[in-house]
Amino acid sequence: MGASNLPEKDELEIQMQKRIAELEKANQDLRAENMALNRDITKHKRAEEESGQNEQHFGLKLENNLSTSRKAENLELAEIIDIQAVQSIIDDFYKFAHITMALLDLKGNVLIGVGWQDICTKFHRVHPETCKHCVESDTKLSAGVPPGEFKLYRCKNNMWDIVTPIIVDGHHIGNIFSGQFFFDDEPVDYELFRTQARKYGFNEEKYIAALEKVPRLSRETVENSMSFFMKLANMLSQLSHSNIKLAQSLEERNTLVDDLDRAQAVGNVGSWRLNAHKNELTWSDENHRIFGIPKGTPLTYETFLSTVHPDDREYVNKEWEEGLKGKPYDIEHRIIVDGKIKWVREKAYLELDKDGAVVNGFGITQDITERRQAEHQLSNELARATGLYELYTRSSNLSDRELYDFALNQAVKVTDSMIGFFHLVSEDEKEIILTTWNQEALRSCTAGNEGHYPIEKAGNWVDCVRLKRPVVYNDFPSSPNQKGLPAGHAAVKRFMSVPVIENGKVRIIFGVGNKVDEYDDRDVMQLQLVANELHKIMKLRRIENEVRESEAFLRDIMENVSDAIFVKDREARMILANPAYYRLIGKSPEEVLNKTVADFHPPEIARKLAEGDKRVMEAGKGTTLEERIFTSHGWRILQTVKAPYYDGQGNIIGLIGAARDITERRQAEEALKKAHDSLEKLVEERTAELEKSYNSLKESEKSLSEAQKIAHIGNWDWNLITGKIWWSNELYRIFGLNPQELPPAYGEFLNYIHPEDRCYVDESVKQALNGKSYSIDNRIVLDNGENRVIHVQAEVVIDDKNTPIRIKGTTQDITERKKAEEKIRILADAVESSNDAIVTESLDGNITSWNKTAEDIYGYSAEETLGKNVSILEPESVKGEINKIIERVKQGEKIQHYKTLRQKKDGTIINVSITYSPVFDASGKLMAISAIARDITEQINAERLLAKAEEARKKEIHHRIKNNLQVISSLLDLQAEKFRSRGSAEDLEVLNAFRESQDRVMSIAFIHKELHEGRGTDKLNFSPYLKRLVENLFQTYKLGNLDISLNLDVEENIFFDTDIAVPLGMIINELVSNSLKYAFPDKRTGEIQIKLFSEEAISEPDTRGELFKKGKRYTLIISDNGIGIPKEINLENTETLGVQLVNILVEQLDGQVELKRDNGTEFVISFGAE
């Protein structure tokens, strides 16, 4: 076969291009179908069913072999090409060219072959050794050929072979071979082949005959053929790459279809598609489930409409018709499935032609029944919460009658009722005190007149009083114990009533009726909540009235008694003082309350006073002290009575004191000692003083009695030798006895002890006489039958023979405190049984227990969560948070009230407050973690509202304080008017004192003015305040001194709270006013300079030697270039009130003050602040 018998190169290429184009078109069609499938899954399924058998076979082959998890380098050539199609191409080529051709993989396997010569098929490929040469030629000798090129080589069986590679996605996976020929311009070495025949045992004649049949080709023919083979290899490479991508797309398509089906089932979302041209309506599986229509049922619009709730059909049909006209179709309505009502949301997308006719349509259906139920429940909960909130917030502005009506309307509202009543119950529980009905109940009923109705005559509407529990009659006409309804009373179909019980007695009752649905436990709970809250408000009003009366009585005593009375807590902070006390020490309440003596007395005086307080509280005994203090009136001598006071457990929680100024009496005593020459006169004066002292002592006794009355503490003394008993007036009041009568003897006293406590009290007294401590709580019964609780503390006095001769002590009425403790216990029980989600987690985060409230809050049942990781509750925004918290608990940390976000089963994100605690086994080993969570979503929303209200409240407080201080300043100014017209030096001093006091008040008033005009922060921008304060001082004192200038060098944006701002402002007021008054006599010129700047935060060692960072340090410098402060005045010991005040205020700031006299006067004050 010579080259002349071969078709031309161009003709071959044309034929091959034509065949390959057909394959490419088929491949493109397949890809197009796949793209269409991604847009329309239903359409693609129909297309797959109509595809030809060959395409199905090859597509399945691709999908089975070429999964997305396999890469091109791991694939075999046979897996990614259509062997039948390529075989057809090669066969056609061979008909034209008569050139041997084969397709081999990298293992030497012949996948496709045509035109193979007999010398190969009958000899070389048969003998093992020569076949090995063939395989080696196909695999090793052909290796290393670059893409788009070919390699010509002589095989080991001594014939020419040519190879070009097939590259797919950059990887060599096979070769196109041609060969088994000789070039026509080279001689054939017959002797070589005869030698091969003899060597391998071939029939020499047949072997040479097969050799003669081997084609002789021209080099041009070989070159043209290889050009075609290279193009064919390139096309196969491209088609194989496309097939791989197509297979991967098909696999991804199938995954998306499966995911869509699962997503619809999980999300309760079905879908449908309408093809108007084919008049076809198809539903997804989830759509069939939502509507309860079995698959296979003929689907029409009427089929769908038949499931719609009858009351919604007209609406749905109208919206659909509007949708056909182009209006967006997105509605919610009810359907009936298996006799049950469900809610669905439907949304449709309709494609219209130019004439407005529907061409295609697609839509979704979502089952929103649970959401609707949750919305309804949430609406009820919100109404209840809003009602209770309004009941609290509005109660203070309502009269009792308005309060009852408002609470009743809330009760009717939260229970979805139509009628309702609220009534009080008499103390003996024999009568109903008719109180109020709602308007619907009274519309035509005449029974609404107030009055008393005997319970024994009433019907079952008062059964809650008789049974002392809630009562529900969902079929009221058939309920027992009816006695008829008043004329005109509204018909009652359903009825529910609840009592509020206190101390075993029913106090009030609520009743509601005619709810559309039946009343359930939730309705009972909501009605009981309203009833309980109303009763609490009523009780609180009663207590507030009693407190106001007590406060008025206490205030009258405190304000009118002449002695200074004060009360301090366990840390010796002043918590109460009367006006006489403030007058005595010359301080305002703001300077005293909630402060210790160190805050408003010089250090040495404060130390001695504090030591006296400490001795009283440590010894637990009252004492009388003589104390010296320095006030605005100078040094004063006080006779002070101090006594501890106790809580219910007998613990000392503070002290009560009464002080009397005996300075004049002491001065008189000293004068008596000096006047020994005038004995008669001295005796008369001494007698007068003694009489005055006696009256003072009686007044002190009276003050002590009043103090005892305030604290409900009485004292007593029992002489065991004489049997005489003495009681204080307050002790008489505690036992309800007349102070004019003798106190009861011990035996009679025991009759007042509660019978159940009598033996305990008597035994305790006997033990005290034998040396044991005596501090007990017990009950007493007054003559009127009232029970009270008292705390008794006593000590026994013994003689030198260790015999008890006297017992004395104190008795405190702790009834109200015990009631408060009972309330606390009840509150603790309520907290213990609150509806919190309690979850136990293993140390690796798996849920091991899950209570009912957890199911309610998170929506998961216990079966769904046990064994699962708790991370299922984490939203995406806080993923990994729980694992971090578990690690912190493992390290021994207890995390309380941790506010975060959690995700419910339905995907809703809620705010929760969680407390994480370790759980240990009996050996103390950490075995699990407890998480107690509360849904605080509503609380968070309410807190935002309360924060805004709190901001407004603080502004109002600052505004009122500022106004009150300005009123005080005005009053001082008016009082000063009395002295301005007088010319005496004493009057000028008083006038200056008024002015100084007025300046100090205004310095504080400016602070509250700045805070009121600020933006809701508790911090004061001190720079503008300082400028305003100093400008006011200049206007006040400058007058004729017009040449005094002010130099302000103040750092901007320095913010202080009131604890820093108030004393700092008063310091500036004192020092600047002193400079204006005294630094520039005779109207001389000068300058006052004020600097305020901050320094960097510093670190200091704590008690363990570890460094901790402190707040910023600030420096205040006030200087003038005037005549300077007198040298005899120093900071450590001065009689000047202004300098003393500066020292006290600097000490209050925990700062230091330095006085410089180099050029005029300069005060340097440094202090720290957070």
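The values are calculated or read from the model by the stated rules, or taken from the named source; none is laboratory data. Fair warning: this is a prediction, and the values are worked out from it, not measured in the lab. We place every Cβ from the backbone using ideal geometry, glycine too, and count neighbours over all the protein chains shown.
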Worksheet item: Out of all the residues in segment 519-576, which are outside any helix (DSSP H, G or I) and charged (D, E, K, R)?
Response: 520, 563, 568, 569, 570, 571, 573
Worksheet, complete the sentence: Listed by range, strands (runs of 3 or more DSSP E) wholly within segment 1080-1170 having at least 3 residues that are modelled with pLDDT of 85 or more and either in contact with a helix residue (DSSP H, G or I) (Cβ under 6 Å, 6 or more places away or on another chain) or assigned by TED's automatic domain parsing to the domain that holds residue 1054 (or both) are 1086-1095, 1112-1120, 1152-1156, 1161-1169
Worksheet item: Of the residues in segment 313-369, how many are surrounded by 16 or more Cβ atoms within 10 Å (Cβ to Cβ) and among the small types (Gly, Ala, Ser)?
Response: 4
Worksheet item: Got a number for residues in segment 776-786 being surrounded by 11 or more Cβ atoms within 10 Å (Cβ to Cβ) and either closer than 21 Å to residue 802 by Cα or of a type outside the set (S, T, N, Q) (or both)?
Response: 6
Item to complete: Scan 177, 202 and give me the residue that is buried (at least 19 other Cβ atoms within 10 Å of the Cβ), in contact (Cβ under 8 Å) with a residue 60 or more places away in the chain and part of a loop (DSSP other than H, G, I, E, B).
Response: 202
Discussion item. Just to verify a result, which residue in segment 470-504, among those that are within 20 Å of residue 414 (Cβ to Cβ) and assigned to a loop (DSSP other than H, G, I, E, B), is farthest from the chain's Cα centre (by Cα)?
Written reply: 490
Item to complete: Only residues that are more than 18 Å from residue 460 (Cα to Cα) and of a type in the set (Gly, Ala, Ser): list them for segment 402-425, please.
Response: 407, 411, 417
Practice prompt. For segment 879-916, enumerate the residues that are crowded, with 16+ Cβ neighbours inside 10 Å and over 18 Å from residue 940 (Cα atoms).
Written response: 881, 882, 885, 886, 889, 916
Discussion item. I need every pair where a residue in segment 319-339 that is in the same structural domain as residue 308 (by TED's automatic domain parsing) has its Cβ under 7 Å from the Cβ of a residue that is among the hydrophobic types (A, V, I, L, M, F, W, C) and not in a strand (DSSP E or B), sequence separation at least 6 or different chains.
Written reply: 329/320; 331/316; 332/368; 333/316; 335/291; 337/291
Worksheet entry | Restricting segment 1019-1066 to residues that are exposed (fewer than 12 other Cβ atoms within 10 Å of the Cβ) and part of a loop (DSSP other than H, G, I, E, B), the residue that is modelled with the highest pLDDT | 1052
Worksheet item: Going by the structure shown, is residue 162 more than 19 Å from residue 99 (Cβ to Cβ), surrounded by 12 or more Cβ atoms within 10 Å (Cβ to Cβ) and in the same structural domain as residue 228 (by TED's automatic domain parsing)?
Response: no
Worksheet item: How many residues, within segment 730-759, are part of a helix (DSSP H, G or I), more than 19 Å from residue 809 (Cα to Cα) and touching a Lys or Arg at 6+ places or on another chain (Cβ under 9 Å)?
Response: 1
Response to the item:
Residue hits (segment 1049-1071; of a type in the set (S, T, N, Q) and touching a strand residue (DSSP E or B) at 6+ places or on another chain (Cβ under 9 Å)) are 1053, 1058
Discussion item. Tell me whether segment 406-424 contains one or more residues that are among the hydrophobic types (A, V, I, L, M, F, W, C), over 24 Å from residue 377 (Cβ atoms), assigned by TED's automatic domain parsing to the domain that holds residue 526 and part of a helix (DSSP H, G or I).
Written reply: yes
Worksheet item: Out of all the residues in segment 914-940, which are more than 17 Å from residue 844 (Cβ to Cβ), under 17 Å from the mean Cα position of the chain (by Cα) and either touching a residue at least 24 places away in the same chain (Cβ under 8 Å) or in a helix (DSSP H, G or I) (or both)?
Response: 932, 933, 934, 935, 936, 937, 938, 939, 940
Practice prompt. Test each condition in (1) of a type in the set (Asp, Glu); (2) surrounded by 13 or more Cβ atoms within 10 Å (Cβ to Cβ); (3) more than 21 Å from the chain's Cα centre (by Cα); (4) at pLDDT below 90 for residue 836 and report the one that comes out false.
Written response: (3)
